[in-house]
1. Kindly provide the set of residues from segment 203-253 that are part of a loop (DSSP other than H, G, I, E, B), among the polar types (S, T, N, Q) and at pLDDT 65 or above, ordered by number.
2. Only one of M875, M870 is more than 17 Å from V818 (Cβ to Cβ), surrounded by fewer than 17 Cβ atoms within 10 Å (Cβ to Cβ) and at pLDDT below 90. Can you tell me which?
3. Tell me, please, whether a residue that is at pLDDT 85 or above, touching a helix residue (DSSP H, G or I) at 6+ places or on another chain (Cβ under 9 Å), among the β-branched types (V, I, T) and open to solvent by 50 Å² or more (accessible area, probe 1.4 Å) can be found in segment 310-332.
4. Kindly list the number of the only condition in (1) free of Cβ contacts under 8 Å to residues at least 40 places away in the same chain; (2) open to solvent by less than 30 Å² (accessible area, probe 1.4 Å) that fails for L583.
5. If you go through segment 816-825 one residue at a time, do you hit one that is among the hydroxyl-bearing types (S, T, Y), assigned to a helix (DSSP H, G or I), out of contact with any strand residue (DSSP E or B) (no Cβ under 6 Å at 6 or more places or on another chain) and open to solvent by less than 70 Å² (accessible area, probe 1.4 Å)?
6. Out of (1) free of Cβ contacts under 8 Å to residues at least 24 places away in the same chain; (2) touching a Gly at 6+ places or on another chain (Cβ under 9 Å), what's the single condition that is false for N823?
7. Quick one: L538 ticks every box in (1) surrounded by 15 or more Cβ atoms within 10 Å (Cβ to Cβ); (2) among the hydrophobic types (A, V, I, L, M, F, W, C); (3) under 30 Å from L288 (Cα atoms) except a single one, so which number is it?
Amino acid sequence: SLLNFHQQTLLNQLREITGTTDVQLLQQALQVSNGDLAEAVAFLTEKNAKVPKQDETTYYQTSQVASDRYISVGSQADTNVIDLTGDDKDDLQRAIALSLEESSRAFRETGITDEEQAISRVLEASIAENKASLKRTHTEVWRDSPNPHDRKRIDSCPVGLKNVGNTCWFSAVIQSLFNLLEFQRLVLNYSPPARVHDLPRNQKEHRNLPFMQELRHLFSLMVGSKRKYVDPSRAVDILKDAFKSSESQQQDVSEFTHKLLDWLEDAFQMKAEEDREGEKPKNPMVELFYGRFLAVGVLEGKKFENTEMFGQYPLQVNGFKDLHECLEAAMIEGEIESLHSAENSARSGQEHWFTELPPVLTFELSRFEFNQALGRPEKIHNKLEFPSMLYMDRYMDRNRDITRIKREEIRRLKEHLTLLQQRLERYLSYGSGPKRFPLADVLQYAMEFASSKPVCTSPVEDIDSSVPPGGTAGQPLPPPRAETVCIRAEPSWYGCCGSVSAQQRVPIHKPFTQSRLPPDLPMHPAPRHITEEELRVLEGCLHRWRNEVENDTRDLQGSITRIHRTIELMYSDKSMMQVPYRLHAVLVHEGQANAGHYWAYIYDPHQRCWMKYNDISVTKSSWEELVRDSFGGYRNASAYCLMYINDKKPFLIEEEFDKETGQILSGMDKLPPDLKQYVKEDNELFDKEVVEWNTLQAHKAQQEKLALATAAAAALAASSTSTTSSSPQPMSIESSPPDNTVPQQDPEYMEQPSPTNDSKHLQEDTERAISRAAEEQDERSPEAVLNAAIKLEYARLLRFAKEDTPPENDYRLQHIIVYLIQNQAPKKILERTLLTQFADRNLAFDERCKSIMNVARAKLDLIRPEEVNMDEYEMWHQDYRNFRETTVFMMTGFELFQKTNYVEALMYLIYSYQYNKELLSKGLYRGHDEEPLGHYRRECLLKLNEQAAAMFESGEEPEVTTGLGIMNELVVPCIPLLLVHDAERDLLAVEDMRNRWCSYLGQEMESKLQEKLTDFLPKLLDCSTEIKSFHDPPKLPSYSTLELCERFSRIMAALGRVPVEGR
C-alpha cells in the first residue's frame, strides 16, 4: 500500500540519518513526532534520551511496493551514520524539513526517486556535520612518474586506476565489476537510445547517459590501453556532482555501488524500452544484480506474505563469527514461533526466503555503528569468516520446509550443547570462591599434599637464637619412608607433633641471621601427621576420583565436539548443495569510521589466483593474504563488501569468442569500432609521449657527453702546459683512451683534478708492479714487462677479492678489479680495464713507464670492437660508479642516524636502499648487505614517527604543525617503499606507525586537533604501493678512494659496536 511505502521511506531515512537500527525505536520516534522527520531526529539524538521499552505488538511490516521501482533490503544505517549532536543541528533539521516538502515536486519535475533524494539529504547532513566536527580535505594526489616507461603496461597485465583524490572507493568497486566479463561486455557494447540526440527529457537522462559514455571509455582503456594505469577523473566528476559532495568527501563503498547500479539500470532501461517490441522490456542490470525474496510473517497475529526485490543484501557483523550466522540472523526477525503454529498469537515476526537469486550476489557487511555516547560512528573490527564457496540452498523458499526442520534440529542441538558446556565448565572451573581451578588438578594437588614428607617443626617454634649465623638448629631428617611421596619442595609451614625426637627436627631458615636457605629444608607444605593406613585410603580415593573426573571431562569434550561437527555437517548433503556461489571479489576497508582506504581482492579464474587491486597497483595475491586482510580481528583492515557469483553460470566470467574463427577475443578485438578508435588515439598519445621522452633523454645524454669531453680537453690542456717538476696527476683506474677518442672522466674513482695521497698510493702500486716485473723478466722489452706487470697486479687484486674480510673492510672500494672479479665479469672486461690502468698518462714520468704506457695504449688501439662489447664494458664501469655512490649515501645516512639527525638521515638511507636494491638485482656482490640498510631505514622512519607523534600530543600549535609536516613530507611518502616488497618487519613497522595515530581517534582533543588528525589519517592509511616522486637526491661530497675506504671502515666499525638487538 502507498501508506506503508511512505512509512518505510521515512523509516529508512531516519535510520540513515541517526544510525539507529532498532525498528521499534524508530517507529516510536515517528509516532511521537507525528511523522515529522526533523522532530524524530531530535528525539533520537537527544543526549539523555533513554531507549523505550519495546512493545511486542509493534512491529514493522515489510510492505509490497506498488510501483515498478524496487527497493534494497535495509539501509546503510550502520555504514553511513551521522553525528547530529553538534552546533549545526537546527540548520540541519530545517534543511531536512525543506527537503521533504520539496520531494514530491522534485520527483515530478526531474524524475529523481525518493530513494535518491534520501541519499542526497544524508550527504547534505554529512557536510553540515563535517563543519562542526570531523573534516576531510583533499588527499595529496601522488604525482605521475615523469618517465613514461614507468607507466607503461607490461604485456597483458590488468590496468590499474589512478586515485584522483580520495577515490579508492571508486577503484575498488569499478575493478570488481569490470572483472565480471558479462558486465564488462554489457557496458562496452551499450549504445545510447536513438532519441539521445534530442534534448534529454529530465535531469536523470541528462546525467546518466554522459556517465554511461564515460564508463564505456574507462572500460575500453582498461581493456586495450598501453598504460599501466588510467585516469577515471571524468566519470568520477559526474558522480561527485551527483553526490553534491566536496572533492574531499571520501564516499562509502555500498553507497556508491547503490548509486552506480541505479544509474546503470536507468540507462539500460531507456535502451530496453526503445528496443521492446510489444513485450515487457528486459533490463540486463536487473537480471544480473537483483533478486527476489518472500517475506513471510505474522503481525499482531495476522499472517502475511510479500514478494520483494533486492540488490545488495545488508548483513550485521557484530555478534556473529561467520557469514552463515549473519545470514541466518538476517533471514529471521522477531518472534517466529507463531509462523509455524495454527494458533493466533499477539507476537510479531517474519522470515525471508529467497525465491530468485541474482547471478551476482552482493553482501554489504555493516562494520560501522553509531556511538551515541561519543556522538560519532565507530568501526567494528570483529573477526568474521566467509567461505570461498557459499551454498545458498538453506535460504531458498523451495527448501523452506526442510530448512525449518534442520533449524529446529540445530536449535535443539545448541540447547544440548549449552547444557554440556555448562557441565564441562563446572569441571574446568571448580570452586566457590573468586579463583577456580580444574577439578582434576584440585584432586591432584590434594594427593600431592597428602603424599608429601611429614615434618615435625612448627612454623613458629624451634627458633634458637643461640645458634651462630650460618648455623643450623638440629640435624636433617633421615630419608623418607618408602610409602611417603615427595612431589616438590616449597617452604614448610606445618610441623608434626612434639613427641618426635630432636634428631628428626628440620632446620629452620632464619631470614635475619642466615645468608641463604639451607639446602635440606623441605619446600612443600605437608600434613603434620598421617598414618600409612590413612595415606593408603586417601591416595586410593583421590586417584579413583581423579580418574572419574578425567573420564567425565573427556566424555563431555567428545560430546561437544560431535555436536559441533553435526551442526557443521547439517547442510552438507547433496540436496542442500545445489545453489553454489563462488567468491568473486572482496572489497576491503582499512582504517577507522571517519578515515581509511579501500582496495579489492578479485579472483582471476584463468590464472586461478587472487589479484589485489589497489588503485594503480595490481599484483598477484593469495587466499592467505586475503584472509589476513579481510576477516578482521587482526588489524584495522576488514572486508566491507562481498561479491559472489553463481558458479553454475560460467558466462559471467567467460571470455567472448569470435563467431567466425572461434578464437577468444582479447584486447582491442573486444571493443566496438567507436571504442577501438578512442583507445587507439589514447595509445598514440602515449606512444608520442614515450618518443618525446626518449628524444629528450638522448639529447640530455649528448649534452652530458659534450660537457665531459670539454672538461677532459681542458684538463689535458692544463696537463700539457705544466712543468716536468710539478706533481704528477692522480692515478686513474680507467684513464684517457687513445688520442683519437675523447677521454671520459669520473670524479669518484677516475682521474682527479688535483693530486692526493690516495692517487699517489695507487700510482705507487702500479709502479711497484712494473718494477717487480722488470726485475723478474729476463726479457726487458716493454711489452714483456707490461704483460708481467699486469699478471702481478691481477694476482694481487685477486687475493683481495678472495679474502674473507670483516664488514668494515670492503676491498671492492679500493679497486674496480676486485669488484669485477667478485661479480664474475667477463675476462675481456677485466683485461681491458687493466690495460686502461697501465695506459694512464700519469705513468709517463720516466722512460720505462712511458714506454710501457705507450705499449698499453697501442694494445688498446688493437682491440677490435667485436672482441670487447663497449656497451657492456661501460655498463660494468657504470655499475661500479653506482656502487661507490650508493656507499657514500649509505655512510652518510648511517652517520647522521648515529648523531640522531633523523630528518637528514632519512633521505640518504632511502636513496641508498633503493640504489642498493637495484644493484643487488643484478648480482649478490653488486651492492652491500641489504639487512642493515633496511633496518636503519625502518628505524629512522619509526624514530621520526615517534617524534612527530610526541609533537602532536603536545597540543601546541607550532609543535603540531611541525609534527604533521614531518609525517606528510617524510614519513607518509616513504610508507609505500616499506609496503612494496611485503617484508614482514617493514609491514609491522608500518602497522605500528598507523596504530599510533589511529589510537588518537578515541581520545578527547580540541576540535582543531581533531580536524588536523582527520585530514591527515587518510594519507597515512593509504595502502597504495605507488612510489611518490621524491625531491632530488642529496648532493654528495667527492671522496678519493683512500678517504672513502677510511671513512667507510670507521662508520661500519662504529655500527658493529652497537648491540645486536639495537641494530
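1. Once the filter is applied, which keeps residues that are part of a loop (DSSP other than H, G, I, E, B), among the polar types (S, T, N, Q) and at pLDDT 65 or above, segment 203-253 yields only S225.
2. Numbers: M875 fails: at pLDDT below 90.
Sole residue among the options that is more than 17 Å from V818 (Cβ to Cβ), surrounded by fewer than 17 Cβ atoms within 10 Å (Cβ to Cβ) and at pLDDT below 90: M870.
3. No.
4. Among (1) free of Cβ contacts under 8 Å to residues at least 40 places away in the same chain; (2) open to solvent by less than 30 Å² (accessible area, probe 1.4 Å), L583 violates only (1).
5. Yes, segment 816-825 contains a residue that is among the hydroxyl-bearing types (S, T, Y), assigned to a helix (DSSP H, G or I), out of contact with any strand residue (DSSP E or B) (no Cβ under 6 Å at 6 or more places or on another chain) and open to solvent by less than 70 Å² (accessible area, probe 1.4 Å).
6. (1)
7. Of the numbered conditions (1) surrounded by 15 or more Cβ atoms within 10 Å (Cβ to Cβ); (2) among the hydrophobic types (A, V, I, L, M, F, W, C); (3) under 30 Å from L288 (Cα atoms), the odd one out for L538 is (3).
Okay, residues lined up against (1) outside any loop (DSSP other than H, G, I, E, B); (2) of a type in the set (F, W, Y):
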{"site": "I645", "(1), (2)": "yes, no"}
{"site": "T661", "(1), (2)": "no, no"}
{"site": "D674", "(1), (2)": "yes, no"}
{"site": "E681", "(1), (2)": "yes, no"}
{"site": "F686", "(1), (2)": "yes, yes"}
{"site": "W693", "(1), (2)": "yes, yes"}
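The values are calculated or read from the model by the stated rules, or taken from the named source; none is laboratory data. Quantities reported herein were computed from a predicted structural model and do not represent experimental measurements. With ideal geometry, Cβ positions are generated from the backbone for all residues, glycine too; neighbour counts draw on all protein chains shown. Each accessible area value is taken on the protein alone, full model and side chains, heavy atoms only, with ligands, DNA and RNA left out. Shrake-Rupley method; radii C 1.70, N 1.55, O 1.52, S 1.80 Å.
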